[in-house]
1. Condition check: part of a loop (DSSP other than H, G, I, E, B), acidic (Asp, Glu) and touching a residue at least 24 places away in the same chain (Cβ under 8 Å). Does Asp162 satisfy that?
2. Looking only at region 217-232, which residues are surrounded by fewer than 20 Cβ atoms within 10 Å (Cβ to Cβ) and either charged (D, E, K, R) or outside the structural domain of Glu248 (by TED's automatic domain parsing) (or both)?
3. I need every pair where a residue in region 348-360 that is more than 14 Å from Leu332 (Cα to Cα) and in contact (Cβ under 8 Å) with a residue 40 or more places away in the chain has its Cβ under 6 Å from the Cβ of a residue that is of a type in the set (Ser, Thr, Tyr) and part of a loop (DSSP other than H, G, I, E, B), sequence separation at least 6 or different chains.
4. Please work out if Ile232 is at pLDDT 95 or above, of a type in the set (Val, Ile, Thr) and over 27 Å from Glu136 (Cα atoms).
5. Do you know which residues across region 322-343 are of a type in the set (Asp, Glu) and not in a strand (DSSP E or B)?
6. Go over the candidates Gly327, Gly279 one by one and state the one that is of a type in the set (Gly, Ala, Ser), surrounded by 15 or more Cβ atoms within 10 Å (Cβ to Cβ) and on the phi > 0 side of the Ramachandran plot.
Amino acid sequence: MKTRIQQLKKRLCYCLLFLTINIVAQMTNEGQFTVLPDTPVSILSDFQNTNSGNIIQNGEVYFHKNYNNEGQYTYNSSFSKGTSHFIGSSIQQILSSNMSIFYKILFNNSTSNHAFNLIGELYIENESTFNLGIIEGRTSTDRFIFGEEGRHINTSNNSFVDGSVEKLGTTNFNFPVGANNYYRRLSISNPNNTDDLFLSEYYNETSNTQYPHSQKEEVIEFIDNQEYWTLIRKNGNSNIFVTLTWNENTTSSQILSGDLTELHVVRWDIEKQEWIDEGGIVNEQNKEVTTIASVENYGVFTLARVKQPVVVDCLTIYNYITPNSDGVNDVLKVECIENYPNNSMEIFNRWGNQVYYSENYNNLTNVFRGFSDGRATIKRSDLLPTGTYFYIFKFVDNNSQNITKTGWVYLH
């Protein structure tokens, strides 16, 4: 016990020393340094952790100036985990030639929109808080990585990553990417494996220069000529659903004029050298479009307006369900379903997990009542939580044509 107390005192002295020398032009660490849980440390000057430095950060460290890590910067998972705060009133350079591993990180800098200049690699195991200040890092060696439990909060036009973001693991994820002072997220559903690694980046410019819009599948009518995303699977073999968003300030007006249900996700196919249609389930409330199936190839994605199939008389899918057995909106009703008995209905949650499947949907015996029955990928017979879900309804019309109808339904 005495030895343990001496060790704690020694670590506390390190922290006190850390606090007293931050008045110099640069704070340099060359050895072992531990910040204990619940210990606040403010670094008012530039900070450098040399290649011989080893920092264990389980407290609350505040960086007010530039950050330069050449050694080890991580945390001890046996203790309560800390937060590293990057705050200031002048542009801060975050240089990490050796990967810095943060449990939690917070950005809050009021100097300008592009307040942080990222050079190197950051790894966030848990949570990134984007309060104020855009993180810019657009070179191929700049990496902003989220681990398995990685997530972000407060992300907005005021604070996001202007560059590439990577996500490791099996959790669904909204990439906090953007450009030109606009946060423009791309979302993916759950990958299958813990070592799956996806990378995304947003470009507020036309894709037509590198990926000609004239080279496209016939069903595609007009491709957004003002913005696009890249989504790359760097490791693993999972296929995921992709969700893109639109914004009146960045998305082409030709995309947003007219019926929004005609919006689809399209992808540039490297082998075919053309844009292909990945389908689209439109959620107008959230201003997002999701592929109708998991994508099998990756690269460049954007939104497009597609040619609509021939309208089928009287076929209507209602998009509101209240499964409370009051006789009103208890099931997902398809008007005129009796005219098209050769059909199938698939329903997914917003992360691409199938929650319902039925063939020969008929509004009576084969019908969605808000439960995860059918060939669901989640536990069967559970009443699903309130929220927005997406359907893919396939049927054969009276002319023996195969038609797919997609849309959303709100379950309350």
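The values are calculated or read from the model by the stated rules, or taken from the named source; none is laboratory data. Bear in mind the structure is a predicted one, so any value in this text is a computation, not a measurement. Cβ atoms come from the backbone with ideal geometry, glycine included; neighbour counts cover every protein chain shown.
1. So Asp162 does not fit the description; no.
2. Glu217, Glu218, Glu221
3. Going by the 6 Å Cβ cut-off, the qualifying pairs are Trp351/Ser189; Gly352/Ser189; Asn353/Thr377.
4. In short, no.
5. Within region 322-343, Asp326, Asp330, Glu338 meet the criteria.
6. Answer to the check: Gly279.
Yes/no per residue for (1) of a type in the set (A, V, I, L, M); (2) more than 16 Å from Gly163 (Cα to Cα):
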{"site": "Ser97", "(1), (2)": "no, yes"}
{"site": "Ile101", "(1), (2)": "yes, yes"}
{"site": "Ile105", "(1), (2)": "yes, yes"}
{"site": "Asn109", "(1), (2)": "no, yes"}
{"site": "Ala115", "(1), (2)": "yes, no"}
{"site": "Glu121", "(1), (2)": "no, no"}
{"site": "Asn126", "(1), (2)": "no, yes"}
{"site": "Glu148", "(1), (2)": "no, yes"}
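Okay, residues lined up against (1) at pLDDT 90 or above; (2) of a type outside the set (D, E, K, R):
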{"position": "Gly327", "(1), (2)": "no, yes"}
{"position": "Asn343", "(1), (2)": "yes, yes"}
{"position": "Tyr357", "(1), (2)": "yes, yes"}
{"position": "Gly374", "(1), (2)": "no, yes"}
{"position": "Asp397", "(1), (2)": "no, no"}
{"position": "Asn402", "(1), (2)": "no, yes"}
